[in-house]
Amino acid sequence: MFSNSEVTLRAVSKDLRKTPSDVLVVGIAQGPDGPVLLENPLSARNAEAVSSTLAALGVTGAADQLHRLPGLPELGAHVLALAGVGKLAPGAAPTAEQLRRAAGSAVRQLAGNSTVVLALPAATAADFAAVAEGAALGAYSYTEHKSANGGGKENVRTAIVYSALAGTAEADAALARAAVLGASVNATRTLVNMPPSQLYPEAFAEAAKDLAKGLPVKVTVFDEKRLAKEGFGGILAVGQGSARPPRLVKLEYVPSRPSGARTVHLVGKGITFDSGGISIKPAANMDQMKSDMAGAATVLNAALAAARLGLPVKVTAWLCVAENMPSGSAQRPSDVITMRGGTTVEVLNTDAEGRLVMADGLVAACEENPDAVIDVATLTGAALVALGTRTAGVMGDDEVTRPLLDAAAAAGEPAWPMPLPEELRAGLDSATADIANVGERPGGMLTAAIFLKEFVGRRPDGSTVPWAHLDIAGPAFNTGSPYGHTPKQGTGSTVRTLVGYLESAARP
């Protein structure tokens, strides 16, 4: 039931005439005195000819700029493409993130061509990996519902990195990792892009099982009867207004040598459509609420990536999946629900539903005493107000948030640490229950995280399980134009950050 966009990744280091392609891509930087042709496989004569015409062609080297020229027989390509990497200081080399974005942008814009050679600077292992990763991320489109004459172009099928490192063990490892990351991010994008009529809770659970086939991963699905039996009151309450009952999906990956491996639990918000419930949302932009399951899609594919990479870390993902709809059976403002673990919550706003399903997931995760628990959610509109559309908010315990922020920086995924002010907790006090699901409007992103913190459990020694919360309401869904390796709509943001965190957790 699930199809995904993937590209074949290869590398070459020798005569490009023996590697015929549709397009050869070289890099152009924005220098202080004009566009600069970066390191490339062109002959000295052709490189000079290209360099001398850049300004006349309107080539600036700006990020996302792509110019096509007739190909060169000496390089075996029908088209020569000039890809901008952005601004560079005199004598400086492009960063790994600039290369990642330039490669992704080029592959994305070159859809309709089958084979593309990326001759961007890739002399170091980090740069080589960035180019390969960008290519894997750029080769994506969601065309499931386009008719044959809808005008869509096929993605690039094969991306070849031109580098002296081709054939080395580190290059092979980088290509393999890039392929896994690309597949994982693109699967997340596709889940987010699917219409809610197709991706409802039961269907999401089936998609998770489908994606996990062939991997050393155990998948357990909690239906509504089991959820009721085991006290998952938050997930049940949010889903009770829908004709499609909720699900909790648990995925467990245990490495081949589990002894001594760290244990990380990931909890994801999976609201397959969020109408707001009785506290219904405005009609404008409600269509974007198909993306409210991005957190669950993110943790699902991060866990599966860990399995594909064989990381020596135990990973469990909890997908808290429900559809939030208004109906005669929907929960009402002022209802009191009992969560997993026994805490009671007064529901003041049914549109603050994500924290209810996540609270159940956090309790269940902490019951298993992991070394760390990370939750990921498109949780609050306040996150967009505070951080914009491309930056995730990171909150929680330093021992988890610090390596997460490091992983985000390495992945090129903007993230910013946010505080959890103690004084905001009082706004969640309820006269009726243990806690209310909303507080005062100022600091809404922070208050939502403080609510979640109430459900982070304790270890047998009495200490709190180390925890972090990622609010990805901004970067999970791109309502603007594509940029770099990021398409319109579902972005797959934060999958690579989580994989990087798990890789760091696996190191001794």
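All of the numbers you see were taken from the coordinates with simple rules; none came from a lab. This one's a predicted model, so the numbers in the text were calculated from it and none came from an experiment. Quick reminder, even Gly has a Cβ in these numbers, built from the backbone with ideal geometry, and neighbours come from all protein chains shown.
Observations, loosely collected:
- Reachable aspartates and glutamates from LYS87, criterion Cα separation under 13 angstrom, eight or more residues apart if same chain: ASP33, ASP64, GLU97
- Ascending count of other beta-carbon atoms within 10 Å, so fewest first, for ARG189, ARG68: ARG68, ARG189
- Using 0.36 nm per residue and subtracting the Cα-Cα separation, the extra length available between ASP406 and GLU423 on full extension is 3.3 nm.
- Once the Cα atoms are used to define both axes, helix 125-138 deviates from the longest principal axis of the chain by about 70 degrees.
- Whichever lysines have a C-alpha closer than 16 Å to that of LYS453, once near sequence neighbours (fewer than 8 apart) are set aside: LYS269
- In the chain, helices alone account for a calculated mean residue ellipticity at 222 nm of -10000 deg cm²/dmol, with every DSSP H run of four or more residues adding -39,500 (n - 2.57).
- Going from the residue with the fewest nearby Cβ atoms within 10 Å to the one with the most, ILE28, ILE435 rank ILE435, ILE28.
- Rounded tilt (10° steps) of 495-506 against the dominant C-alpha axis of the chain: 80 degrees
- Simple spin-label estimate for ALA92 and ALA169 gives 3.5 nm between the two label positions (7 Å along the Cα-to-Cβ direction from each Cα).
- In this Cβ point-charge picture (+1 for Lys and Arg, -1 for Asp and Glu), the chain has a dipole of about 1200 debye about its Cα centre.
- In straight-distance terms, cross-link reach from LYS146 covers every one of the lysines whose alpha-carbon lies under 16 Å from its own, apart from those fewer than eight places away in the same chain; here that gives LYS488.
- With neighbours defined as other Cβ atoms within 10 Å of a residue's Cβ, the residues GLU230, GLU224 order from fewest to most as GLU230, GLU224.
- Highest to lowest packing among 124-135, 291-302, 354-365, scored as the average C-beta count within 10 Å: 291-302, 354-365, 124-135
- Fraction of alpha-carbon pairs over 35 Å apart in segment 188-506 - percent: 11 percent
- DSSP-defined antiparallel bridges as percent of all bridges, the chain, nearest 5: 40 percent
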